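Have a look at the structure below before the remarks.
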Amino acid sequence: MNAIEPHRLTGSARRLRLDTLVRLRWLAVIGQSAAVAGVHFGLGYPLPFGASFVLIAASAWLNLALRVRYPASHRLADDAATFLLAFDIAQLAALLFLTGGLQNPFAILFLAPVLISATALTPRRTLLLGALVVACATALAFAHLPLPWREGEVLELPFVYVAGVWAAILLGTGFTGVYAWRVAEEARQLSQALAATELVLAREQHISQIDGLAAAAAHELGTPLATIALVAKELSKRLAGNEELAEDMTLLREQVERCRGILGQLTSRGEEADGEFLERMTLMHLVEDIVDPMRGIGVAIRVGRAGEGAPPRGRRNAGLVYGLTNLLDNAVDFAENEIVVEAGWDERQVWIEIRDDGPGFPAEVLLRLGEPYVTTRGHDKRGPEEEAAGHGLGVFIAKTLIERTGAQLTLTNGRAPEVGAIARVAWSRAAFEAGG
């Protein structure tokens with residue numbers, strides 16, 4: 001999978017949509033307005049009402065300006081998104097300064113911009129915004145107007161409580177930022193890997209369609225080739241006295257017959273069992289399809305079979321062939337001397353097992369194999385340049401394509417005294433014969 005670069009699959013998809021940020025800010029404007037109005041008019045607590053609404057209006061005006069300047073589908077550059085989130089932090093800090101600082105229970109809303117940044121921006125920018133939150137919270141712990149309270153009374157909470165709120169904001173910012181970034185990054189990696197899988201599957205399906213096109217072309221070209229052969233035969237009779245032209249006509253007829261022979265082979269394949277050759281294959285034919293291209297590359301590949309009677313037949317599937325080829329290619333990269341590919345079947349199950357005599361899978365990645373961007377085993381024989389180009393998508397794509405056919409992929413290491421890795425693909429017999 002070295003040829004597929006996941007970052008090219010997403011383009012600007014990672015960038016934060018302006019519409020998302022604008023909608024969230026409108027929610028903040030509505031919530032802040034309701035809180036300030038409720039405290040001032042509903043509870044009758046005095047507070048800097050005018051100054052508070054100036055700050056809230058600043059957010060509203062910014063939203064309106066962004067709506068006028070950019071379309072809703074616009075995606076923000078990282079610098080612009082960072083600036084807008086920093087503005088939200090500063091606006092909230094100013095509003096908290098007017099309404100009690102960290103004594104105000106709404107101080108917990110400092111976490112919101114950091115959470116948004118963690119899901120859409122780089123860790124470095126999230127760290128900068130987190131530092132801004134901590135700086136604002138620290139300033140508000142020491143400098144702020146009194147918390148709105150009943151007329152003539154001042155509510156002053158102990159500094160220990162304020163310090164606890166500050167610590168909670170600090171820890172919440174760190175935990176929320178790291179957790180949200182990790183979840184979003186895994187989702188992005190999975191999306192990119194699935195996009196890569198779809199590209200591979202589309203390419204393999206396109207290749208598999210060539211067989212059918214070849215049979216159709218053989219059928220369609222049969223008639224014009226017969227006409228060419230007939231005309232060439234007639235011309236040969238008329239040019240019997242011209243040795244130079246007669247030789248050319250003889251060569252033409254020989255080439256026509258050669259073309260007819262090739263097309264005849266393609267046609268006979270396409271007509272076997274009413275298209276059975278193109279549509280279905282036995283388990284052993286499937287194994288040979290993945291093994292043949294790998295022979296003669298420096299590692300011996302031994303094919304075995306474990307089953308009585310005729311091998312089961314399944315439907316041709318380009319994705320399955322590609323997935324199995326990926327597993328075999330991985331075994332070739334790490335095998336020392338020999339690879340064993342064993343096909344087996346019984347009344348209830350069908351399986352293919354690929355075993356190599358290499359170092360096996362490292363314990364630290366064995367449980368995570370099959371996830372995107374998890375590379376398999378140490379240093380292979382391709383060299384550092386090719387290894388560095390890999391993105392750890394090979395096993396993930398193989399697993400995805402194989403499990404689409406109803407199979408289960410199991411990756412393990414051999415037990416002592418045996419060494420090496422084992423990849424086992426197993427179907428129920430009914431699922432294999434139905435073709436997934």
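The values are calculated or read from the model by the stated rules, or taken from the named source; none is laboratory data. Here the structure is a predicted model, which is why all the values come from computation and not from measurement. Cβ sites come from the backbone with ideal geometry, for glycine too, and all protein chains shown count toward neighbours. Areas reflect the complete protein model, heavy atoms only, side chains present, ligands, DNA and RNA absent. Shrake-Rupley method; radii C 1.70, N 1.55, O 1.52, S 1.80 Å.
Relative to the current alpha-carbon distance between Arg258 and Asn337, full extension at 0.36 nm per residue lengthens the span by 24.2 nm. Taking a point 7 Å out from the Cα of Met294 in the direction of its Cβ, the residues of segment 310-336 whose backbone N falls within less than 17 Å of it are 319-336.
When Ile262, Ile290, Ile422 are compared by accessible area of protein heavy atoms, the largest-first order is Ile262, Ile422, Ile290, using a 1.4 Å probe.
Placing a pseudo-label 7 Å from each Cα along the Cα-to-Cβ vector at Thr250 and Arg280 gives an inter-label distance of 4.9 nm.
Computed extension gain for Leu225 through Glu371, at 0.36 nm per residue and net of the alpha carbon distance, reaches 47.3 nm.
For the pair Ala434 and Ala240, label points projected 7 Å from Cα toward Cβ lie 6.7 nm apart.
Compute the FRET efficiency between Ile108 and Glu186 as 1/(1 + (r/R0)^6), taking r as their Cβ-Cβ distance and R0 = 30 Å, and round to the nearest 0.05.
On the way: r = 26 Å, r/R0 = 0.87.
The value I calculate is 0.70.
In order along segment 316-333, phi translates into HN-Hα couplings of 4, 8, 4, x, 5, 4, 5, x, 5, 4, 4, 5, 5, 4, 5, 5, 4, 5 Hz, rounded to whole numbers, per the Karplus curve 6.51 cos²θ - 1.76 cosθ + 1.60 with θ = phi - 60° and x for Gly and Pro. Between Val419 and Asp329, the C-beta separation translates, for a Förster distance of 25 Å, into a calculated FRET efficiency of about 0.80. Shape class of segment 49-203 from the alpha-carbon gyration tensor: oblate, with a/c at 1.5 or above and b/c at least as large as a/b.
When only DSSP loop residues count, what GluC sites (Glu not before Pro) in segment 306-374 have their Cβ near at most 14 other Cβ atoms within 10 Å? Each step should come with its number before you reach the end.
Details: sites: Glu308, Glu336, Glu338, Glu342, Glu347, Glu353, Glu364; in loops: Glu308, Glu336, Glu347.
Of the GluC sites (Glu not before Pro), the ones in loops of segment 306-374 whose Cβ has at most 14 other Cβ atoms within 10 Å are Glu308, Glu336, Glu347.
Maximal additional length on extending the Ala77-Trp61 stretch stands at 3.7 nm, based on 0.36 nm per residue less the C-alpha distance. For segment 150-163, 3J(HN,Hα) computed residue by residue from phi via the Karplus equation (6.51, -1.76, 1.60; θ = phi - 60°) reads 4, 4, x, 10, 10, 9, 10, 6, x, 5, 4, 5, 4, 5 Hz, glycine and proline entered as x.
The distance linking segment 98-120 with segment 15-31 is 15 Å (Cα centroid to Cα centroid, whole angstrom).
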